[in-house]
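Colleague: Sharing a structure, written as structure tokens. Questions coming.
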Amino acid sequence: MLQLLENAQKFGNGTAIISNSKSYRYSELLDVSHRVAATLMNNKGDLNETRVAFMVNPGFDYVATQWGIWQAGGIAVPICISYPAESIEHVLDDANCSVVVTAGEYFDILKPLVNQRELRIIKTNEFYADKDGLPEIEIDRRAMILYTSGTTGKPKGVVTTHQNIESQIKTLVRAWNWSSDDHILNVLPLHHVHGIINVVSCALWSGATCQFINGFKAEKVFEIFLKGNINVFMAVPTIYYKLIAYWEQLGLDEQKELTNRLTQFRLMISGSAALPVSVMDKWKTISNQTLLERYGMTEIGMAISNPYDGERRPGHIGQPLPGVQVRLVDDSGNRVPNGESGEIQVKGSNVFLEYWKRPEATKESFTTDGWFKTGDVARMDNGSYKILGRTSVDIIKSGGYKLSALEIEEVLRTHPSIKDCGVVGIPHEEWGELVCAGLVASGKIDMDELSEWIKLKLPSYKTPREYKVLDDLPRNVMGKVTKKELQQLFIEAS
Ligand code: MCA
Ligand code: AMP
């Protein structure tokens, strides 16, 4: 039996999840997930890595579905709940999903897509099947596919095995002192590692309580904090920025009350994007908490973290986590000396198995001796890694989401009034980077129409926030678009 589930048996009567104002014990979670597994198996005995997509709000049903898929021997493919139809179709088709699990609110968007493909669709309130015998799940089986944007067009499926997932969880549980006394609030989307592994899976591995709200709202988060049970929190820098902005406009008494409460937390963590030192400092004055910044990636889980005990250095990501090997190399693949910049490369059982159905991309992302090439550039600075940037300008981090400039450009180019375009990220205090698009028109571009049009093609977090219509994109002598110059055009205008 998978260790996550074995642990859950031990914690039987403890509160596993609070969602929609209801508490659920570990035993209930196991019971329902077992029914999910039986329904999915449909008397087949083992799903044998069938891909099961699920579009379910963060909460009890989400976890019960995920655990059910795993117990039935399937591969869990979470779908972002704010995806428009085109993005959903990419996941269903790329992963060749055979079954889709959903809740009522997403049924209408999914139904036609599922019908066209003749897939099985199950609503979370239809897990009626009696519990059935469960297959033995070997730890090296594929467990999950998460879609991530890269330096090529459409998002790629990152495949992790149960072993990868266990290794990612175990490292963090140890490094960050998780225990069954912990109570965490999840505000993050559950189609990415940050929410799925660092928050939900680490909590449930440890017998802690994981409370959910559907989507982030600063007011709601503080309201829950004030109730007094939450003692661990993890978020992206944009969320801390928004919490600070909300706190600042409160009255003095309310500010004090919140500060008192925040001071009692055991641990607060930031990750997924660079934590500005200004945000870390501000948060410290508000909460008396020194944010623990760590570094990770969908393909590797977490790799580098500031210490739980010991100095958490502003502007630095810390040291390799136990069991994770990290090195910095130059363009020729040689290790760089301390103080010099190089690409972060990672090895360990935390590292993913493959990009789904993309053997070439998988091969290219590893060195011949098995190190995963992250594309992030860092230097070792007095015993702590410091991120300096990325090897590609076509990767943008906005709101903690990794975006591909090329994916957004490909979509924009399909608009009838756009002849060519270039997408860049520019530095932004709140969002980390802001997505901007330079457009070359082939007719008159109606900006309102374009904004509505793109919402049907991409989720909101991938859509450009600023547009500029140009006679041509800035190019070098070879005719290649110079992204740095394009960035500059937007920076100067901001
Ligand atoms: C939304 N808006 C934006 C952006 N996103 N504006 C500029 N840039 C953006 N990126 C605008 C919307 O259009 C809207 O504007 C307003 O902000 C509110 O939109 P909403 O969608 O409600 O935003 P939100 O809920 O406030 O979202 C902010 C957020 C969210 C909570 C920070 O972006 C988020 O959940 N980010 C976390 C992503 C994450 O988990 N990443 C982990 C992946 P208007 O009001 O004008 O319409 S990385 C990972 O997993 C690795 C392993 C790691 O290291 O962790
Ligand atoms: P994703 O592909 O969404 O998993 O995003 C992973 C990327 O987020 C990494 O490759 C980094 O570029 C970035 N990232 C994660 N944590 C940090 C951090 N603490 N500081 C800077 N960048 C980070």
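The values are calculated or read from the model by the stated rules, or taken from the named source; none is laboratory data. This structure is a prediction, so every number in the text was calculated from the model and none was measured. Counting neighbours? That spans all protein chains shown, and the Cβs are built from the backbone with ideal geometry, glycine included.
Colleague: With respect to the numbered conditions (1) near ligand 2 (Cβ under 9 Å from one of its atoms); (2) surrounded by fewer than 14 Cβ atoms within 10 Å (Cβ to Cβ), which one is the sole condition not fulfilled by N338?
Modeller: (1)
Colleague: Shifting gears a bit: How many residues does segment 225-250 hold that are over 23 Å from the mean Cα position of the chain (by Cα) and of a type in the set (A, V, I, L, M)?
Modeller: Total meeting the criteria: 3.
Colleague: Residue by residue through segment 172-199, note down the ones that are more than 10 Å from ligand 1 (Cβ to nearest atom), touching a residue at least 40 places away in the same chain (Cβ under 8 Å), farther than 16 Å from Y240 by Cβ and not in a loop (DSSP other than H, G, I, E, B).
Modeller: L172, R174, A175, H183
Colleague: What are the residues in segment 361-379 that are assigned to a helix (DSSP H, G or I) and either over 21 Å from R141 (Cα atoms) or among the aromatic types (F, W, Y) (or both), if any?
Modeller: E364
A quick yes/no check of all residues on (1) crowded, with 23+ Cβ neighbours inside 10 Å; (2) among the basic types (K, R); (3) within 16 Å of ligand 2 (Cβ to nearest atom):
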| position | (1), (2), (3) |
| --- | --- |
| V159 | yes, no, yes |
| W176 | yes, no, yes |
| D181 | no, no, no |
| P189 | no, no, yes |
| V193 | yes, no, yes |
| N198 | yes, no, yes |
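Colleague: Identify, by number, the condition in (1) within 20 Å of I139 (Cβ to Cβ); (2) of a type outside the set (S, T, Y); (3) out of contact with any Ser or Thr (no Cβ under 9 Å at 6 or more places or on another chain) that Q71 doesn't meet.
Modeller: (3)
Colleague: In addition: Working carefully through the options S384, S417, S404, S392, find the one that is under 19 Å from the mean Cα position of the chain (by Cα) and either crowded, with 22+ Cβ neighbours inside 10 Å or not hydrophobic (A, V, I, L, M, F, W, C) (or both). Write out each step before concluding.
Modeller: Working: S384 fails: under 19 Å from the mean Cα position of the chain (by Cα); S417 fails: under 19 Å from the mean Cα position of the chain (by Cα); S392 fails: under 19 Å from the mean Cα position of the chain (by Cα).
The unique qualifying residue is S404.
Colleague: Any chance you could count how many residues in segment 269-284 are buried (at least 24 other Cβ atoms within 10 Å of the Cβ) and either at pLDDT below 95 or more than 15 Å from the chain's Cα centre (by Cα) (or both)?
Modeller: Residues meeting the conditions: 1.
Colleague: Quickly run through segment 254-277 and pick out the residues that are in contact with a Pro (Cβ under 9 Å, 6 or more places away or on another chain) and within 16 Å of ligand 1 (Cβ to nearest atom).
Modeller: If the condition is that a residue be in contact with a Pro (Cβ under 9 Å, 6 or more places away or on another chain) and within 16 Å of ligand 1 (Cβ to nearest atom), then S270, G271, S272, A273, A274, L275, P276 are the ones that fit.
Colleague: Here's another thing I want to ask about it. Given the conditions (1) polar (S, T, N, Q); (2) surrounded by 19 or more Cβ atoms within 10 Å (Cβ to Cβ); (3) more than 29 Å from K484 (Cβ to Cβ), report the number of the one that T368 does not fulfil.
Modeller: Every condition holds for T368 apart from (2).
Colleague: Next question, about the same structure. Regarding R358, is this residue farther than 26 Å from E166 by Cα, surrounded by 15 or more Cβ atoms within 10 Å (Cβ to Cβ) and at pLDDT 95 or above?
Modeller: Judged against the criteria, R358 is not a match.
Matching residues to (1) more than 20 Å from the chain's Cα centre (by Cα); (2) among the hydroxyl-bearing types (S, T, Y); (3) at negative phi:
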position: S82; (1), (2), (3): no, yes, yes
position: E89; (1), (2), (3): no, no, yes
position: P135; (1), (2), (3): yes, no, yes
position: R141; (1), (2), (3): yes, no, yes
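Colleague: Could I ask something else about it? Looking only at segment 139-157, count how many residues are away from ligand 2 (no atom under 16 Å from the Cβ), in contact (Cβ under 8 Å) with a residue 24 or more places away in the chain and not aliphatic (A, V, I, L, M).
Modeller: Matching residues across segment 139-157 total 2.
Colleague: While we're looking at this one, here's another question. If we keep just the residues of segment 303-330 that are within 16 Å of ligand 1 (Cβ to nearest atom) and assigned to a loop (DSSP other than H, G, I, E, B), which is farthest from V279 (Cα to Cα)?
Modeller: Taking the candidates together, the pick is V324.
Colleague: Report those strands (runs of 3 or more DSSP E) wholly inside segment 387-494 carrying at least 3 residues which are more than 30 Å from V193 (Cα to Cα) and touching a residue at least 12 places away in the same chain (Cβ under 8 Å).
Modeller: The qualifying strands (runs of 3 or more DSSP E) are 418-428, 432-441, 466-469.
Colleague: Is it true that L403 is touching a strand residue (DSSP E or B) at 6+ places or on another chain (Cβ under 6 Å) and within 16 Å of ligand 2 (Cβ to nearest atom)?
Modeller: It is true that L403 is touching a strand residue (DSSP E or B) at 6+ places or on another chain (Cβ under 6 Å) and within 16 Å of ligand 2 (Cβ to nearest atom).
Colleague: Any idea which residue in segment 10-28 is nearest to V187 (Cα to Cα), counting only those that are in a loop (DSSP other than H, G, I, E, B) and of a type outside the set (S, T, Y)? Write out each step before concluding.
Modeller: Filtering segment 10-28 for residues in a loop (DSSP other than H, G, I, E, B) gives 11-14, 20-21.
Pick out the ones that are also of a type outside the set (S, T, Y) and you get 11-14, 20.
Values: F11: 24, G12: 25, N13: 25, G14: 22, N20: 13 Å.
Among them, the one singled out is N20.
Colleague: Suppose we keep only residues that are among the basic types (K, R) and outside any strand (DSSP E or B) within segment 133-171. Which one would you say is nearest to N350 (Cα to Cα)?
Modeller: Here is the first cut: in segment 133-171, the ones among the basic types (K, R) are 141-142, 154, 156, 170.
From what is left, the residues that are outside any strand (DSSP E or B) are 141, 154, 170.
Values: R141: 14, K154: 24, K170: 10 Å.
The residue in question is K170.
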